[in-house]
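Here is the structure we will look at.
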Amino acid sequence: MPARSALVYGDVNLNLIDGSAIWVQSMVLALARAGCQVTLVLKAPVKTDRLLTPLAGEAGVTIRRPAEEKLLDGIGPNGLTPQQASTVLSAVDRDRDGGRHDIVVLRGRRLVDAVVTDGDLSGRLWTYLTDIPQSIPEMTAEAVSWLTEVANSSQYVLCQTEELRCFLEGSVPAACGKCVLFPPVVPPAPEVAGTPAEPDGVIRLVYTGKFAPRWNTYEMTQLPGLLAQRGVRAELHMVGDKIHNDKDDPGYHNRMRAALGEPPAPGEGAEPPAVVPANGVVWRGGHSREGAMRIAASADIGLGWRHPSLDASLELSTKVLEFGLLGLPVILNRTPMHEALLGADYPMFAAALDDVVAIVESAAADPAILKLAASRTSAAAAEYTLDQASVRVRRYLDDAFPRIEVAPGTPKLKVAVAGHDLKFAGPLLEYLRQQPGLELRTDHWISLGEHDEQASQAMADWADVVICEWCGPNAIWYSKHKRKGSRLIIRLHRFEVFARYPYGVKISAVDQVVTVDKHYAQLTAEKTGWPTSKIVALPNTVEVGQMDRPKLDGARFNLGLVGIVPSRKRIDLALDVLEELRRDDERYLLCVKSGMPWDLWWIWQKPEERGHYAAALHRIQRSPLLRGAVVFDEKGPDVPAWLRRVGFMLSTSDDESFHVAPVEGMASGAVPVIRHWPGAEGVYDTRWIHETPAEMAAAIAALDTEEQWREAGALAKAQATEAYESRQVFAVWYRLLTENLPPATSVARYSRPGMR
Amino acid sequence: MTDDDKADVALSAYAPDEPDEEAGGELAPAAAGAGEAAAQSMALTAERDQLTRALRDTQRQLATTEEQLRAAKRSATMKLGQAVVQAAKRPWIGGPRLPLHLYRMWQEGRGLRTGPGPGEGFRSDDEARWAKILQDAGAGAAGDRFLAAYTTPGLPWASVTRSGREDLADGLVVAGVLTDASCAALAPDATVEQLLPHDASYVLEGSGADLMLIEAAALLGGAWAHAGDPAATDRGRRLADLVDVARALGKPVVFLRNAPSYLMPYLDWLAAACDAVVDGGLGVQLARFNPIDLPERRGTGPVYAARRDQREGPAAKRLLDELTGDGSGSVKVIGPPPWRDEPGVYRQHQVFLAASVEQAREQQACGARAVGPVTETSGQELAAAAEAGPRDLAEIKAVLLDLYETQATPVRLAELSRQVGLPPRPVPGRRVAVLAGLGEAADAGVLADSVLSQRLRPAEVVVWLDGAAAGVAGALDRVRAEGIGVSVVTGTGVADAARAATAPWSAVWEPGVTYGPATLVELMCALECSRADAVGYVPGADFVFTDVLDPAVARTELYRDGASPRSSWGRRGLRLFAVTPSPVTSPVDSEKELV
């Protein structure tokens, strides 16, 4: 398989070693180790090659130096401006031997803005944004508009944390389906010379980084004294040389400076002083990242405790991970993100200085606490290594480019897709479009029965394979205008089975009819009398990678229902289930994600539909068991984020062809609870299928521990992945273009009743 | 088709003269019967298939016709289209005629579009009835506002704990993002509207709320769960919208931080958007947490009515481990009771190790001794508490009185109101009028002294002159000067005074009697616990409901003309609560109050 190619640029000066520079280095290495040919374009002239040296030795990495190579006039000493960078990137991309890069990885808001505006690299961008709004009030209409443009231009939007991903998806609909995780990468720890110091009864605390009010560095300097009052001998080693000038606290700089005591002599500080100051605070001065890590490695506890105002960040501090890589326990704030990282029972969460003192005191008395904390930080850091990043990138590349390679010189198969509404076929079209062995065109009908007949005729003449999306007038037309030697495939959804269109299709011209499951294959055969040998079943698909996210606290008690319109979706039965559960446990809630019937005039004009919803809403308000227990969440594409709050996915419909929502729920780890609509057993494992709302409720209540529920959810996830993961299903579609699949059903035309 | 015909079809289809292999070529009578049944079944199947084929043929014809119609539509001009419609609608008028089958199709299609009328196609009578109502009312234009079409303001909480006759219209109306437990805490003293994410804005607009309360605990579970989490930005946005609506309507917004901030660090913006941010909960609701009907025997060993939290800090964890052990410690972990059951559980034990200060207060209000949250000395304190045995009622009432004055929900509500600048007005349950007759000038002075000495000041004093009016003005002015409303009625009895009183509760005071400073506070505290219609002193009965009493405080309306005679209150279903005055804090100068 030919290697993918990536163009990487960060609006970052790689001469200054900081988090963003390390990110660029890590991204290049991760891409290269995932099998990519990487072209890194530098922002500024090279003054130090400390970050570039590891890249230069990496296979497949090319470094372009716009300043040195004079790729553009007017490059200043600080390197490319965002606009200049956009110009250079376009040129480098255009001039690449072997064609343009498959992906373009960018970091930096202003840079992304320039590139998106230029539009030359649109569709191939992997954008990484950190300096974006991270709270609801900050997410203004202008911000949403800009982020929408970015998302539309991006193949992926890389998010550092799950929190940021969910926030973006919940705020910017265009970002849904494009946001993927790219957590910080922790570079390997430096070799630590010598052996750890022998325990001497002194607890050594270490802080590395800048000295600033919200980083609580001044408060930290009180720790040795406070601990001494409790009989604990402790030292605080402070690594860093940048003291913040705070405009709100003009005295801070001097206060902090005084609290640090004497700085080490130039060139020293790597080794601890012979004599520790009386107040226990040892200022080790500024050091390289490796130097700082070496000093930290000889300590007992790292300090990452900060002011609570920093808890709202949607980004993860790499400091914790770096300490973790050294096997160092860390005292830090308790936040949902840190709990997810280290466990809610991590023993070193602190909210105030008193807590820090108490934790150190406890740890000094009980080494098991240190051991437990160290094991947690180490395990957490192991998830953020370069190897892990490389695995992630490889998966994203595979998802983005699911290509089935063909031998060079093989003529391309000409595939046409015709239909009035191609939204259900979108992911399939995207997949087919990626295939080097195909040329794909679409005949987009104006409406169900309206089209440009000349264009359709040209398409029929051109195509080797025609796929009719929906079995409507389009299928009738193409069955009557099929070019000899071409292949015709009809994809039939639910509504056509009950419509008259199939009877107008010239079935002898059709090679394959695709339904979503065996039940509909059988129904189609029975209703139309078409030869069963032509009817195959290919299920709908689900993006497992998007759905698979950690569940939120309390999700086990949330039932999910996606889509309540029209009334055959039967929200009334979902209410029955909920009422039954709440008789014994009022923690159960029903979360509905759906459009509303009054927004669809063709639904709302029907009295029986209006009656259904009015009765349901009245019941929701007046039933003591339901009032306050049903939430109508906003409809929208942010289903994967929404599923994080859902523990059970309901399907209460009278009938469905497939019902993808429970499958998406399964992929998220929710347990499906399916009413036995006709054909349900063709889609879902019968263990999830129940006859009545009471049985559905009983099945939910039976999973009455967190462990049981998680176990059932894991099984459901495995089933969804195996059967409905999109790439696997699409691969079968690919085969279908050139070969007939085994029929989905064999309807015995005169079999005895009850014997089928 | 007759049964015989069906059998014929089946027989011809399945060649019945072929010998049955298992029967060895001979049909036994029973087997013959089974064969007939099978033939019947086959015949039915064959008929069904015939009909299916016929239906398919029809459908094909229809599909062909529809195709013709579409072709006609495609090729026709607008004029022709109009003519077709016109011809279909009024075929009796001269002009172009439609082919008959196209005309029928048009009619069918029209019928399909129109759908069945009310009474057809409904799953239940209920749905049909609602459809009819909506059809008449033309509902649906409201859009998402329709989600709140059946919301009943305050309904779920109206009957939680307060007496059915209490009118809270003059009290505080609180709308908010609230837990069920908080609604139950507020309901006895305020009108509560619990908002949901999908209807919050609409309900708030129509609720007449004085203030909006956003409770942090409500964002941890329930309908608003995770609204403070980036994983539920949709709910967070609705919360932000709700704040905007409240501000636009001029309703102050209070953020009650009664959950650990580390569980919701992403809510800085909410705190900034609110008029006030208040730490802590809604106080002790004595209507729920009280010692009424304490079991005769209560658990004597200390219990911990909470879950051991994996978020416990190392120090707290160590201490709790020491006390609770693996179920063998001195403190038994009974877990957190559901919020509705909390008062009952707290009444069943004498000693608690409390998980929080708030829980300790509620346990104390239920008559228990509470120690905690856990400290180094908790073990000794628990041992001492167990050793001391159950609290007697006098001790419990002293605790209650303290809670009533400092920690009860009405106190908390007053504090919240003050923080957002609402008028300082006690909840209706704490507004009491003193009704008194003045026989002589000195009585006014005694009355004024008693009123002004009360720990719980009355909302108003209403007097009638039972003799000379001269000389009372000065004393009454003293009362007025302290902000207590004073009115002098022209009648000569309690009923006239009660008629003029505006407070929902009244105490009738005898002329010339000095009432101890704790008189009103003790009575109103008992009232807040019992939510009775009247409270009075009954010898030998303390903190129990009774059938008969001479009221010390009762609903004002019960003193008015036309009210039932006191002797019938119990029979008429009024709730009467007996107390014994505290000998220390509430000396009663006269035996007159005692029955």
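Worth pointing out:
- In percent, rounded to a whole number, the relative contact order of region B:531-571 is 41, using alpha-carbon pairs under 8 Å and six or more apart.
- Region B:408-533: equivalent-ellipsoid semi-axes (sqrt of 5 x gyration tensor eigenvalues, Cα, Å): 26, 15, 13
- Taking other residues whose beta carbon is less than 12 angstrom from the beta carbon of residue B:151, and scoring Lys, Arg as +1 and Asp, Glu as -1, yields 0.
- MRE, 222 nm, helices only [DSSP H, n ≥ 4, -39500 (n - 2.57), over chain A, to nearest 500]: -11000 deg cm²/dmol
- One Cα centroid belongs to region A:679-703, the other to region A:630-678; the line between them spans 13 Å.
- For chain A: Kirkwood Rh in Å [reciprocal of mean 1/r, alpha carbons]: 29.8 Å
- Computed log₁₀ I(q)/I(0) - Debye formula, equal Cα scatterers, no solvent, region A:1-111, q 0.09, 0.11, 0.14, 0.15 Å⁻¹: -0.20, -0.30, -0.50, -0.58
- Calculated on alpha-carbon atoms, Rg and Dmax of region A:352-415 in Å: 25.2, 75
- Cα-derived Rg over Rh, computed across region B:283-365 with Rh taken as Kirkwood radius: 0.98
- Degrees separating the helix A:693-702 axis from the principal Cα axis of chain A, which is the longest one: 30 degrees
- Under 5 Å between amide hydrogens, built in the peptide plane, is the criterion, and for residue A:590 it picks out A:559, A:630, A:631 among residues at least 5 positions away or on other chains.
- Multiplying each eigenvalue of the alpha-carbon gyration tensor of region A:442-545 by 5 and taking the square root yields semi-axes of 22, 16, 14 Å, largest first, rounded to whole angstroms.
- Computed from point charges on the beta carbon alone (+1 for Lys and Arg, -1 for Asp and Glu), the dipole magnitude for the protein assembly as shown about its Cα centre is near 3660 Debye.
- Whole-percent pair-distance distribution, where bins are 5 Å wide, for the alpha carbons of region A:55-200: 2, 8, 15, 17, 16, 13, 10, 7, 4, 3, 3, 1, 0
- Bins of 5 Å, starting at 0 and running to the largest distance - Cα pair percent for region A:317-449: 2, 9, 13, 12, 9, 6, 6, 6, 6, 8, 7, 7, 4, 3, 2, 0
- Taking amide hydrogens as placed 1.01 Å from N in the peptide plane, the amide H of residue B:552 sits under 5 Å from those of B:535, B:536, B:537, each at least 5 positions away in sequence or on another chain.
- Electrostatic tally near residue A:737: other residues with Cβ closer than 11 Å to its Cβ, Lys and Arg +1, Asp and Glu -1, net 0.
- Calculated diffusion of region A:153-251, Stokes-Einstein form, Kirkwood radius summed over Cα pairs, 20 °C and 1.002 mPa s, µm²/s: 118 µm²/s
- Size descriptors for region B:408-448: radius of gyration and Dmax over Cα atoms are 16.0, 45 Å.
- For region A:645-651, Karplus couplings with θ = phi - 60° (6.51, -1.76, 1.60), whole Hz, Gly/Pro x: 8, 9, x, 9, 9, 9, 9
- Measuring between their Cα centroids, region B:305-330 and region B:399-470 lie 46 Å from each other.
- Amide H contacts under 5 Å for residue A:439: A:413, A:414, A:415, restricted to partners 5 or more places along the chain or on a different chain, H placed in the peptide plane at 1.01 Å from N.
- 10 Å Cβ shell holding at most 12 others, DSSP loop, chymotrypsin sites (Phe, Trp or Tyr not before Pro): longest site-free stretch of chain A: A:1-497
- Reduced Cα scattering model of the protein assembly as shown, Debye log10 I(q)/I(0), q = 0.04, 0.05, 0.08 Å⁻¹: -0.35, -0.54, -1.15
- Footprinting exposure proxy for B:189, A:421 (fewest neighbouring C-beta atoms within 10 Å first): A:421, B:189
- Cα-based Kirkwood hydrodynamic radius, region B:251-401, one decimal, Å: 16.7 Å
- ³J(HN,Hα), Karplus 6.51/-1.76/1.60, whole Hz, each residue of region A:722-729, x for Gly, Pro: 5, 8, 10, 4, 4, 5, 5, 5
- The Rg/Rh ratio for region A:542-701 is 0.94, where Rg is the radius of gyration of the alpha carbons and Rh is the Kirkwood radius.
- Karplus-derived 3J(HN,Hα) values for region A:624-638, using 6.51 cos²θ - 1.76 cosθ + 1.60 with θ = phi - 60°, are x, 7, 10, 4, x, 10, 10, 10, 9, 7, 5, 6, x, x, 7 Hz; glycine and proline are entered as x.
- Relative contact order (percent, whole number), chain A, Cα cutoff 8 Å, 6+ residue spacing: 8 percent
- Taking the charge dipole of region A:519-666 about its Cα centre, with +1 at Lys and Arg Cβ atoms and -1 at Asp and Glu Cβ atoms, the residue from A:537, A:607, A:552 reaching farthest to the positive side is A:607.
- Stokes-Einstein D for region A:619-756, Kirkwood Rh over Cα pairs, 25 °C, 0.890 mPa s (µm²/s): 141 µm²/s
- Region A:600-756, relative contact order [Cα under 8 Å, separation at least 6], %: 15 percent
- Within the shell of other residues whose beta carbon sits under 15 angstrom from the beta carbon of residue B:270, the net charge comes to -4, with Lys and Arg scored +1 and Asp and Glu -1.
- Dipole axis of the protein assembly as shown (+1 Lys, Arg; -1 Asp, Glu on Cβ), positive-most option in A:224, A:519, B:354: A:519
Computed from the coordinates by the stated procedures, all read-outs in this text should not be read as laboratory data. Quick caveat: nothing in here was measured; it's all calculated off a predicted structure. Here Cβ is always computed from backbone atoms with ideal geometry, including for glycine, and neighbour counts include all displayed protein chains.
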